[in-house]
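Worksheet: the structure to be examined is printed underneath.
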Amino acid sequence: RSHPSTTQYSMAIEQLSYRRACTLLPHIPLIDLSKPDSKHLLVKACEEFGFFKVINHGVPMEFISKLESEAIKFFSLPFSDKEKAGPPNPFGYGNKSIGQNGDVGLVEYLLLRTNRDSYSKTFLSVFGENPENFCCALNDYISSVKRMACEILETMADGLKIQPRNVFSKLLMDDQSDSLFRLNHYPPCPDIQSMNGGNMIGFGAHTDPQIISVLRSNNTSGLQISLRDGSWISVPPDQDSFFINVGDSLQVMTNGKFRSVRHRVLANRSKSRVSMIYFGGPPLSEKIAPLPSLMRGEESLYKEFTWFEYKKSAYNSRLADNRLVLFERI
Ligand code: GA4
């Protein structure tokens with residue numbers, strides 16, 4: 001009988017350390033929206049991670065796949081065509097450059113507003129003969145995902161035992177709600193190994209400034225969330241589920257009980273990653289402050305500010321900055 005080869009040994013060791021990592025790593029909280037007791041798990045997930053996965057979400061698969069295929073069609077256009085839909089200041093097509101302050105990533109994207117259904121002629125011309133296909137897919141998807149986001153926010157209010165149950169969701173439902181939508185395409189990056197230890201950044205670490213973000217991606221890995229201790233865990237992709245992020249504004253409204261989650265996307269070696277994210281935000285004039293019903297005698301951790309003020313400050317920051325510190329009470 002021959003001895004195991006060095007490769008076999010190292011494979012066995014790799015497998016063992018993988019198993020060990022799996023047992024040690026916390027699982028991403030899973031919320032079944034069809035179960036009435038989900039409200040407690042939901043609150044726990046928002047307190048511990050600021051992140052969870054949602055199943056039985058009620059968003060029709062057809063809406064998801066239609067928008068995904070429209071997104072793929074768009075990203076497959078020649079760069080010179082896509083460019084006509086940019087630059088993203090603040091809405092439109094962007095490539096590699098993120099925000100206005102020098103951040104970059106291996107990503108191209110479309111940033112859109114959610115509560116205006118008319119786009120400029122130049123923008124629509126990029127979508128060829130039938131821009132309605134893109135617009136319909138977008139509208140169907142956004143209205144369905146917004147409904148789910150509101151249901152989640154109302155379940156959160158129930159779990160926190162606060163009234164009325166639409167305290168959070170009414171901000172997204174408002175006609176003036178400053179909500180956004182983002183389509184991201186992360187092209188495969190075959191040279192990963194040769195560059196800084198295999199961690200090529202698709203989208204750098206950050207928290208989302210809004211109330212809640214609802215993410216859906218195709219079956220390609222890349223998303224990671226940061227735990228309290230600063231370590232990163234990979235989120236296994238699941239194209240049939242949604243992933244929810246607590247945003248900075250929800251952290252403030254809960255006086256720090258819920259945490260806005262730091263997350264990032266690493267480039268994938270062989271597969272394209274396509275993600276679509278709805279960012280539920282309040283009206284610009286809305287005061288963002290801890291809900292009195294959640295304070296029970298304790299003091300606010302934050303200074304008073306409106307969403308307009310926070311957004312302005314966020315858009316002047318770098319992606320990785322801790323945007324809330326500027327608004328903390330000392
Ligand atoms: C993070 C969440 C959303 O994707 C976004 C991002 C925005 C952008 O891409 O233009 C920002 C980023 C996000 C936070 C800080 C600023 C603004 C890039 C950046 C460096 C659309 C948003 O609202 O804030």
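Laboratory data are not the source of any read-out in this text; all were calculated from the coordinates shown. Please read these numbers as outputs of a predicted model, since none were measured by experiment. Cβ coordinates were reconstructed from backbone atoms using ideal geometry, including for glycine residues, and neighbour counts include every protein chain displayed.
Rounded, prolate or oblate: pick one for the range 87-218, where a ≥ b ≥ c are the square roots of the eigenvalues of its C-alpha gyration tensor, a/c under 1.5 means rounded, and failing that, prolate if a/b is larger than b/c, else oblate.
Oblate, since a/c reaches 1.5 and b/c is not below a/b.
In sequence order, the range 208-220 has phi-based couplings of 8, x, 6, 7, 9, 10, 10, 10, 10, 10, 6, 7, 10 Hz under the Karplus curve 6.51 cos²θ - 1.76 cosθ + 1.60, θ = phi - 60°, and Gly or Pro positions carry x. Which of the three applies to the chain, rounded, prolate or oblate, going by the alpha-carbon gyration tensor with a ≥ b ≥ c and a/c under 1.5 meaning rounded? Note, shape of the chain comes out oblate.
Along the range 66-72 the Karplus relation, 6.51 cos²θ - 1.76 cosθ + 1.60 evaluated at θ = phi - 60°, assigns HN-Hα couplings of 4, 5, 4, 6, 5, 5, 5 Hz to successive residues, with x for each Gly and Pro.
Can I get the semi-axes of the range 249-311's equivalent ellipsoid? Compute them from the C-alpha gyration tensor as square roots of 5 times the eigenvalues, in angstrom, largest first. Numbers along the way, then the final one.
Working: eigenvalues 204, 45, 17 Å².
Each semi-axis is √(5λ); the values are 32, 15, 9 Å.
Asn101 sits among other residues whose Cβ lies under 15 Å from its own Cβ, and their net charge, with Lys and Arg +1 and Asp and Glu -1, is +3.
Quick check: net charge around Pro29, other residues with Cβ under 12 Å of its Cβ, Lys/Arg +1 and Asp/Glu -1?
Working: positive: Lys44, Lys53; negative: Asp32, Glu47, Glu48.
It works out to a net charge of -1.
Charge tally around Glu83: other residues with Cβ under 14 Å, Lys/Arg +1 each, Asp/Glu -1 each, net +1. Take every pair of alpha-carbon atoms less than 8 Å apart whose residues are at least six positions apart; their mean separation over the length of the range 211-330 yields a relative contact order of 26 percent. Modelled spin-label separation between Cys136 and Asp229, with each label point placed 7 Å from Cα along the Cα-to-Cβ direction: 5.2 nm.
The HN-Hα couplings worked out from phi for the range 99-113 by the Karplus form 6.51 cos²θ - 1.76 cosθ + 1.60 (θ = phi - 60°) are x, 10, 10, x, 7, 9, x, 7, 8, 10, 7, 10, 10, 9, 8 Hz, whole numbers, x standing for Gly and Pro. Backbone amide hydrogens, once placed in the peptide plane, bring Ile212 within less than 5 Å of Gly247, Gly280, excluding anything fewer than 5 places away on its chain. Its DSSP H runs of at least 4 residues, each contributing -39,500 (n - 2.57), put the calculated 222 nm mean residue ellipticity of the chain at -9500 deg cm²/dmol, to the nearest 500. Enclosing the Cα atoms of the range 199-280 in their convex hull gives a volume equal to 86 cubic angstrom per residue.
Fewest Cβ neighbours within 10 Å first, please rank Trp232, Trp307 accordingly. Don't skip to the answer; put the middle values down first.
Numbers: Trp232 14, Trp307 23.
Exposure proxy ranking, most exposed first: Trp232, Trp307.
Sort the range 1-160 into rounded, prolate or oblate with this rule: let a ≥ b ≥ c be the square roots of the eigenvalues of the Cα gyration tensor; rounded if a/c is under 1.5, and if a/c is not under 1.5, prolate when a/b is larger than b/c, oblate otherwise. It is oblate, given that a/c is not under 1.5 and a/b is not larger than b/c.
Remark on Lys303: its backbone amide H falls under 5 Å from those of Glu328, Arg329, a criterion applied only to residues 5 or more positions apart or on other chains, H modelled at 1.01 Å from N.
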